[in-house]
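Undergrad: There's a structure below that I have some questions on.
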Amino acid sequence: MKLNLKNPMVFFDLETTGTNIVSDRIVEISYHKVSPNGKEETKTMRVNPEMPIPAESSAIHGITDADVASCPTFKSVAKEIAHDIEGCDLAGYNSNRFDIPLLAEEFLRADVDIDLMKRKFVDVQVIFHKMEQRTLSAAYKFYCEKELEGAHGAKADTLATYEVLQSQLDRYPDLKNDVDFLSKFTTQSNNVDFAGRIVYNDKGEEVINFGKYKGKKVTDVLNSDPGYYGWIMNSDFSLHTKKVLTNIKLRDFKK
């Protein structure tokens, strides 16, 4: 089933040095842009992470330090990527928990001002797990009736994710061919920041989601404990968490 799109949708996948969104880096990114008029285009690029790629990560995606030694850094291609995905909704496999938060971190490190929180996200893995409970390779075989060649390569995983979503729409009548619906269906959190350190409560207020102030409104904590903001800024939290906290602090200050 062809996707019913109002905005372009970018299916993407990252291969990385590891799974920590704060300290790990992208070594390969592939994205497949699908436009409402049916036009499709794919771009894949390897990135020098400016840090060693652990052997256990290379064993998964097959990319070594030597493979990316002469590749551009993310900072040097960040504006190109941001331009390519401008105005697009985003889709991936396990993307809500990992790929989108890490991509946001890389943009912030590169000083590229792009607010991914304004986009709609469709996580194909969530649809699959809600319906069938499988991995991407199994999902591809189950829905598309084909073996996934080149699994754990960014391009192969990206294109497979796109095909799986189309097949899911064909298979499940209850899945609406509408990005608003799919985004809500695959969103499993009420996060304010990608890392989930700050979340919305049932009143739509930002609250701390960890530590001694868990469940407390961010504005109340910043007022009662002025040193808390400085502690967050100087600790090992994601750049996006720090940005969100700063925005809340500035917003309250203007009030």
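Undergrad: Is it the case that Ala55 is farther than 18 Å from Ile29 by Cα, modelled with pLDDT of 95 or more and hydrophobic (A, V, I, L, M, F, W, C)? Spell out how you get there, then give the answer.
TA: Numbers: farther than 18 Å from Ile29 by Cα: yes; modelled with pLDDT of 95 or more: yes; hydrophobic (A, V, I, L, M, F, W, C): yes.
Answer is yes for this residue.
Undergrad: For the structure I just gave you, tell me whether Leu169 is at pLDDT 95 or above, within 17 Å of the chain's Cα centre (by Cα) and in the same structural domain as Ile100 (by TED's automatic domain parsing).
TA: Spelling it out, it is not the case that Leu169 is at pLDDT 95 or above, within 17 Å of the chain's Cα centre (by Cα) and in the same structural domain as Ile100 (by TED's automatic domain parsing).
Undergrad: Taking the stated definitions as given, is Lys79 of a type outside the set (Gly, Ala, Ser), in contact with a Leu (Cβ under 9 Å, 6 or more places away or on another chain) and in a helix (DSSP H, G or I)?
TA: no
Undergrad: Only residues that are part of a strand (DSSP E or B), buried (at least 21 other Cβ atoms within 10 Å of the Cβ) and either among the hydrophobic types (A, V, I, L, M, F, W, C) or without any contact (Cβ under 8 Å) to a residue 24 or more places away in the chain (or both): list them for the stretch 11-52, please.
TA: Of everything in the stretch 11-52, those that are part of a strand (DSSP E or B), buried (at least 21 other Cβ atoms within 10 Å of the Cβ) and either among the hydrophobic types (A, V, I, L, M, F, W, C) or without any contact (Cβ under 8 Å) to a residue 24 or more places away in the chain (or both) turn out to be Phe11, Phe12, Leu14, Ile26, Val27, Ile29, Val34.
Undergrad: Name the residue, out of Lys176, Lys146, that is closer than 21 Å to Met9 by Cα, among the basic types (Lys, Arg) and in contact with a helix residue (DSSP H, G or I) (Cβ under 8 Å, 6 or more places away or on another chain). Give the derivation first.
TA: Details: Lys146 fails: closer than 21 Å to Met9 by Cα.
Only one candidate passes the filter, namely Lys176.
Undergrad: Of all the residues that make up the stretch 214-229, how many are part of a loop (DSSP other than H, G, I, E, B) and either at pLDDT 95 or above or closer than 16 Å to Val244 by Cβ (or both)?
TA: So the answer is 4.
Undergrad: Kindly indicate the residue of the stretch 24-43 that is aliphatic (A, V, I, L, M) and within 14 Å of the chain's Cα centre (by Cα) and also nearest to Lys6 (Cα to Cα) among those meeting that condition.
TA: Ile29
Undergrad: Considering only the stretch 74-131, state which residues are more than 15 Å from Ile26 (Cβ to Cβ) and either among the aromatic types (Phe, Trp, Tyr) or not assigned by TED's automatic domain parsing to the domain that holds Asn177 (or both).
TA: Those that are more than 15 Å from Ile26 (Cβ to Cβ) and either among the aromatic types (Phe, Trp, Tyr) or not assigned by TED's automatic domain parsing to the domain that holds Asn177 (or both): Tyr93, Phe121, Phe128.
Undergrad: Turning to a different aspect of this structure: Which residue is surrounded by the most Cβ atoms within 10 Å (Cβ to Cβ), if the candidates are limited to the stretch 53-68 and must be assigned to a helix (DSSP H, G or I) and among the hydrophobic types (A, V, I, L, M, F, W, C)?
TA: Looking only at the stretch 53-68, we keep the residues that are assigned to a helix (DSSP H, G or I), and these are 55-61, 65-68.
Add one more test, that the residue is among the hydrophobic types (A, V, I, L, M, F, W, C), and what stays is 55, 59-60, 66, 68.
On the way: Ala55: 9, Ala59: 10, Ile60: 12, Ala66: 8, Val68: 20.
The qualifying residue surrounded by the most Cβ atoms within 10 Å (Cβ to Cβ) is Val68.
Undergrad: Taking the stretch 110-119 only, how many residues are at pLDDT 95 or above and surrounded by 15 or more Cβ atoms within 10 Å (Cβ to Cβ)?
TA: Just the residues of the stretch 110-119 that are at pLDDT 95 or above, to begin with: 110-112.
Right, trim to surrounded by 15 or more Cβ atoms within 10 Å (Cβ to Cβ) and you get 110, 112.
Residues in the stretch 110-119 being at pLDDT 95 or above and surrounded by 15 or more Cβ atoms within 10 Å (Cβ to Cβ): 2 in total.
Undergrad: Could you list, in sequence order, the residues of the stretch 155-184 that are assigned to a helix (DSSP H, G or I) and of a type in the set (D, E, K, R)?
TA: The first filter runs over the stretch 155-184 and keeps only residues assigned to a helix (DSSP H, G or I), leaving 155-171, 179-184.
Scanning the stretch 155-184 gives Lys155, Asp157, Glu163, Asp170, Arg171, Asp180, Lys184.
Undergrad: Just checking, how many residues over the stretch 129-162 are within 26 Å of Ala104 (Cβ to Cβ) and at pLDDT 90 or above? Walk me through how you get there before you give the answer.
TA: Restricting attention to the stretch 129-162, the residues satisfying the condition of being within 26 Å of Ala104 (Cβ to Cβ) are 129-130, 135-136, 139, 151-162.
So of that shortlist, the ones also at pLDDT 90 or above come out as 136, 139, 153-162.
Residues meeting the conditions: 12.
Undergrad: A follow-up question, please. Quickly run through the stretch 126-154 and pick out the residues that are on the phi > 0 side of the Ramachandran plot and either surrounded by fewer than 14 Cβ atoms within 10 Å (Cβ to Cβ) or assigned to a helix (DSSP H, G or I) (or both).
TA: Residues of the stretch 126-154 on the phi > 0 side of the Ramachandran plot: 133, 145, 150, 152.
Answer for the stretch 126-154, where residues must be on the phi > 0 side of the Ramachandran plot and either surrounded by fewer than 14 Cβ atoms within 10 Å (Cβ to Cβ) or assigned to a helix (DSSP H, G or I) (or both): Gln133, Glu145, Gly150.
Undergrad: So Leu222 clears everything in (1) among the hydrophobic types (A, V, I, L, M, F, W, C); (2) in the same structural domain as Val244 (by TED's automatic domain parsing); (3) under 22 Å from the mean Cα position of the chain (by Cα) except one condition, right? Which one?
TA: (3)
The values are calculated or read from the model by the stated rules, or taken from the named source; none is laboratory data. This is a predicted model, so every value here is computed, not measured. Cβ: placed from backbone, ideal geometry, glycine included. Neighbour counts: every protein chain shown.
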